[in-house]
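Only one structure is covered here, and it is reproduced in the block below.
The values are calculated or read from the model by the stated rules, or taken from the named source; none is laboratory data. What you see is a predicted model, and the numbers here were worked out from it, not measured in a lab. Reconstructed Cβ throughout: ideal geometry from the backbone, glycine too, with neighbour counts over all protein chains shown.
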C-alpha cells in the first residue's frame with residue numbers, strides 16, 4: 001500500500017473514532033468513497049454508510065446524529081465500548097493504566113508528544129490511529145509496524161468486535177471496515 005493511501009486511511013479512521021467534528025461530518029461521503037476504493041468490503045456495509053449520509057445530509061443534522069451514536073458508545077452512561085486500550089489490555093479495566101504509559105512512551109521515543117490541546121489520553125483509539133497516520137506520512141514504516149504489532153492490533157482485536165456488536169450507524173460499519181483492513185477479516 002502506498003504511503004499516502006495508508007496515511008489517508010489511518011486519518012480517516014482516526015477522524016471517525018474521535019469526538020464528532022464538523023469537518024468529519026461534512027466529508028463523510030469522501031471517507032466512504034476512500035474506504036470503498038481501498039478496503040475489500042461488502043456492498044452492504046458501504047450501502048449502510050451511504051444510507052446514513054442520505055438520511056442525514058451534511059451539516060448540523062448529520063453531526064448531531066453522529067453525536068447521538070458516539071456518546072453512549074464511547075463517553076457517558078453505560079459506555080458500550082470504552083475507547084482506551086488500558087481498559088482492555090491491563091487486566092484491571094481502568095483508564096490510564098500501564099498500556100497508556102507504554103503508548104505515551106512509544107510516542108515520545110518516536111519524537112512525538114501529546115500536547116495539552118490534544119484533549120485525549122494517549123491510548124485512545126483515535127489518537128493511536130492518528131499516530132500511525134503520522135508515521136505513515138513520514139515513511140517511518142519500521143516504527144509504524146512495531147507500534148501496530150505491539151499496541152494497535154491487540155487493542156483492535158478487543159474493541160472492534162464490541163463496536164461492531166452495537167450496530168450503531170457509522171461506527172459499527174467503520175469498525176467492520178477497520179477490521180477488514182487491519183485484521184484481515186470481516
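Any residue at all in region 97-119 that is within 17 Å of residue 169 (Cα to Cα), in a helix (DSSP H, G or I) and out of contact with any strand residue (DSSP E or B) (no Cβ under 6 Å at 6 or more places or on another chain)?
So far as region 97-119 goes, no, none of its residues is within 17 Å of residue 169 (Cα to Cα), in a helix (DSSP H, G or I) and out of contact with any strand residue (DSSP E or B) (no Cβ under 6 Å at 6 or more places or on another chain).
Mind checking whether some residue in region 88-104 is under 30 Å from residue 64 (Cβ atoms) and modelled with pLDDT of 95 or more?
yes
Is it true that some residue in region 58-65 is surrounded by 14 or more Cβ atoms within 10 Å (Cβ to Cβ), modelled with pLDDT under 95 and over 25 Å from residue 124 (Cα atoms)?
Looking for residues that are surrounded by 14 or more Cβ atoms within 10 Å (Cβ to Cβ), modelled with pLDDT under 95 and over 25 Å from residue 124 (Cα atoms), one finds at least one in region 58-65, hence yes.
Take residue 80 and tell me if it is in contact (Cβ under 8 Å) with a residue 40 or more places away in the chain, surrounded by fewer than 18 Cβ atoms within 10 Å (Cβ to Cβ) and either more than 17 Å from residue 11 (Cα to Cα) or touching a helix residue (DSSP H, G or I) at 6+ places or on another chain (Cβ under 9 Å) (or both).
Judged against the criteria, residue 80 is a match.
Would you check which residues across region 83-106 are without any contact (Cβ under 8 Å) to a residue 60 or more places away in the chain, within 24 Å of residue 20 (Cα to Cα) and surrounded by 19 or more Cβ atoms within 10 Å (Cβ to Cβ) and list them?
Once the filter is applied, which keeps residues that are without any contact (Cβ under 8 Å) to a residue 60 or more places away in the chain, within 24 Å of residue 20 (Cα to Cα) and surrounded by 19 or more Cβ atoms within 10 Å (Cβ to Cβ), region 83-106 yields 84, 86, 87, 100, 103.
I'd like to verify a number: residues in region 120-129 that are assigned to a loop (DSSP other than H, G, I, E, B) and under 14 Å from residue 158 (Cβ atoms), how many?
1
What single numbered condition from (1) out of contact with any strand residue (DSSP E or B) (no Cβ under 9 Å at 6 or more places or on another chain); (2) under 18 Å from residue 70 (Cβ atoms); (3) surrounded by 21 or more Cβ atoms within 10 Å (Cβ to Cβ) fails to hold for residue 144?
Condition (2) is where residue 144 drops out.
List the residue pairs whose Cβ atoms are under 8 Å apart, where the first residue sits in region 36-65 and is at positive phi and in contact (Cβ under 8 Å) with a residue 12 or more places away in the chain, the second is surrounded by 11 or more Cβ atoms within 10 Å (Cβ to Cβ) and outside any loop (DSSP other than H, G, I, E, B), and the two are 6 or more positions apart or on different chains.
59/25; 59/26
Mind listing whichever residues of region 107-129 are surrounded by 21 or more Cβ atoms within 10 Å (Cβ to Cβ) and either more than 17 Å from residue 74 (Cβ to Cβ) or in contact (Cβ under 8 Å) with a residue 24 or more places away in the chain (or both)?
123, 124, 125, 127, 128, 129
Any idea which of (1) over 13 Å from the mean Cα position of the chain (by Cα); (2) assigned to a helix (DSSP H, G or I) is the one residue 168 doesn't satisfy?
Answer for residue 168: the failing condition is (2).
For region 4-31, how many residues are under 23 Å from residue 147 (Cβ atoms) and exposed (fewer than 13 other Cβ atoms within 10 Å of the Cβ)?
1
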